[in-house]
Amino acid sequence: MRAVCPGSYDPITHGHVNIVERAVALFDEVIVAVGVNSVKKYLFDTDERVQLVRAATAHLPRVRVEVLTGLLVEFCRQRDAGFVVKGLRFGSDFDFELQMAHINHTLTGLETVLLPASAQWGTLSSTMVREVASLGGDVSAFVPDAVARSIEQKRTHHG
């Protein structure tokens, strides 16, 4: 069985990695799908996000990282992935993900597995990491080492 863990991963956090690690325990193969939204302003461009996700998941067997453009259901269909895995932090995440799960299932029969965030990372978000980093804060406790280094490089080269 193959599953997809979609997200923008801008940047990938320890919370994201924890969800991917748990998905690997449930499925034969996990594709981490790095989403591209032309309207969204990213800290890292698509290639950077893909490389950072690859670095953060390099220790995991049976994981591959790909770029996701277009509809998630079509991406999954093309890769013969019958499952989507999403992490949940709060009730608002559940409300949104439940709607998406119903739409995706209605469109193609795609099943969604919702994993509660681990207690350690339950309040962590990429948005918070970007905000702390933009104000000069140390985010190394929240992100893999490669991400922390990349954020610091951006800060010293663009700050």
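The values are calculated or read from the model by the stated rules, or taken from the named source; none is laboratory data. Remember, predicted model here, so these are calculated numbers, not experimental data. Because the Cβ atoms are built from the backbone with ideal geometry, glycine has one as well, and the counts that use them run over all protein chains shown.
With (1) surrounded by 14 or more Cβ atoms within 10 Å (Cβ to Cβ); (2) assigned to a helix (DSSP H, G or I) as the list, and Lys86 as the residue in question, which single condition is left unmet? Just one mismatch for Lys86, condition (2). Taken over segment 118-142, the criterion of being surrounded by 17 or more Cβ atoms within 10 Å (Cβ to Cβ) and either touching a helix residue (DSSP H, G or I) at 6+ places or on another chain (Cβ under 6 Å) or free of Cβ contacts under 8 Å to residues at least 60 places away in the same chain (or both) is satisfied by Trp121, Leu124, Ala133, Val139, Phe142.
Take the residues of segment 48-65 that are of a type in the set (Val, Ile, Thr) and in a helix (DSSP H, G or I): which is surrounded by the fewest Cβ atoms within 10 Å (Cβ to Cβ)? Explain how you work it out, then say what you get.
First, pick out the residues of segment 48-65 that are of a type in the set (Val, Ile, Thr): 50, 53, 57, 63, 65.
Within this subset, residues satisfying the condition of being in a helix (DSSP H, G or I) are 50, 53, 57.
Working: Val50: 18, Val53: 28, Thr57: 22.
Here the residue is Val50.
For Phe27, the test of being in contact with a Lys or Arg (Cβ under 9 Å, 6 or more places away or on another chain) and either crowded, with 16+ Cβ neighbours inside 10 Å or hydroxyl-bearing (Ser, Thr, Tyr) (or both) is passed. For segment 89-112, the candidate set comprises residues that are assigned to a helix (DSSP H, G or I) and of a type in the set (A, V, I, L, M, F, W, C); within that set, the residue that is farthest from the chain's Cα centre (by Cα) is Leu107. For segment 89-112, filtered to residues that are in contact with a helix residue (DSSP H, G or I) (Cβ under 7 Å, 6 or more places away or on another chain) and either exposed (fewer than 13 other Cβ atoms within 10 Å of the Cβ) or not hydroxyl-bearing (Ser, Thr, Tyr) (or both), the residue that is modelled with the lowest pLDDT is Leu107. Scanning segment 1-56 for residues that are farther than 20 Å from Val73 by Cβ and among the small types (Gly, Ala, Ser) yields Gly15, Ala25, Ala55, Ala56.
Of all the numbered requirements in (1) in contact with a Gly (Cβ under 8 Å, 6 or more places away or on another chain); (2) touching a residue at least 60 places away in the same chain (Cβ under 8 Å); (3) exposed (fewer than 13 other Cβ atoms within 10 Å of the Cβ), Asp80 misses one, and that requirement is (1). Would you confirm whether or not segment 31-47 contains a residue that is part of a loop (DSSP other than H, G, I, E, B), touching a Lys or Arg at 6+ places or on another chain (Cβ under 7 Å) and among the aliphatic types (A, V, I, L, M)? The answer is yes; a qualifying residue exists.
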